[in-house]
Amino acid sequence: MKAFKYNLKVYYEDTDFGGIVYHANYLKYFERARSELIYSIGYSNKKLLDKFNILIAVKTCNLDFKKPAKFEDKITVFTKIKSNTLTTITMSQVIRRKLDILCDAEIKLVSLNKLGKPVKLPKVFIKKLIN
């Protein structure tokens, strides 16, 4: 799979007093990009729950901050599937401002039922996600 691109602009509400993006907001940017990737293949978190009775949750995330994003920056989140198992998906995500890498992350997602127990990811969903 080639990298999925999600563009966004940094708003004042995303920053601290100095106009630098608050570190927790990078997690929001990564989450939005993952959601948009799921929408782009014809699904949503609600549709996954309604159709397959699964929830997708973050199991682990490792972020490496390189350079700060700033107020009114136009940035792009690149998302790529690194691997998957029957119940997990590991994604590589990178936030860039033009050619500058601002933050990169490895995010591991797990498929859960409504009781919070790991369950198999639907094959049709995985097939669309990795192609």
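Data for the structure
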read-out	value
Search result, residues across the range 84-115 that are without any contact (Cβ under 8 Å) to a residue 24 or more places away in the chain and not aliphatic (A, V, I, L, M)	Thr85, Thr90, Ser92, Arg96, Lys98
Wholly within the range 33-131, strands (runs of 3 or more DSSP E) carrying at least 1 residues that are open to solvent by 60 Å² or more (accessible area, probe 1.4 Å) and farther than 17 Å from Tyr6 by Cβ	55-65, 74-84, 100-112
Residues satisfying the stated conditions in the range 7-32, i.e. open to solvent by less than 70 Å² (accessible area, probe 1.4 Å), in a helix (DSSP H, G or I) and farther than 21 Å from Lys82 by Cβ	Asp14, Ala24, Asn25
Of the criteria (1) touching a residue at least 40 places away in the same chain (Cβ under 8 Å); (2) basic (Lys, Arg); (3) closer than 28 Å to Val10 by Cα; (4) out of contact with any strand residue (DSSP E or B) (no Cβ under 7 Å at 6 or more places or on another chain), which one Lys128 fails	(3)
Residue match in the range 35-46 (condition: among the charged types (D, E, K, R) and in contact (Cβ under 8 Å) with a residue 40 or more places away in the chain)	no
Residue match in the range 69-88 (condition: in contact with a Pro (Cβ under 9 Å, 6 or more places away or on another chain), among the aliphatic types (A, V, I, L, M) and under 23 Å from Asp14 (Cα atoms))	no
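The values are calculated or read from the model by the stated rules, or taken from the named source; none is laboratory data. The shown structure was predicted, so the numbers you read here are calculated from the model rather than taken from an experiment. Cβ atoms come from the backbone with ideal geometry, glycine included; neighbour counts cover every protein chain shown. SASA here: full protein model, heavy atoms, side chains in, ligands and nucleic acids out. Shrake-Rupley method; radii C 1.70, N 1.55, O 1.52, S 1.80 Å.
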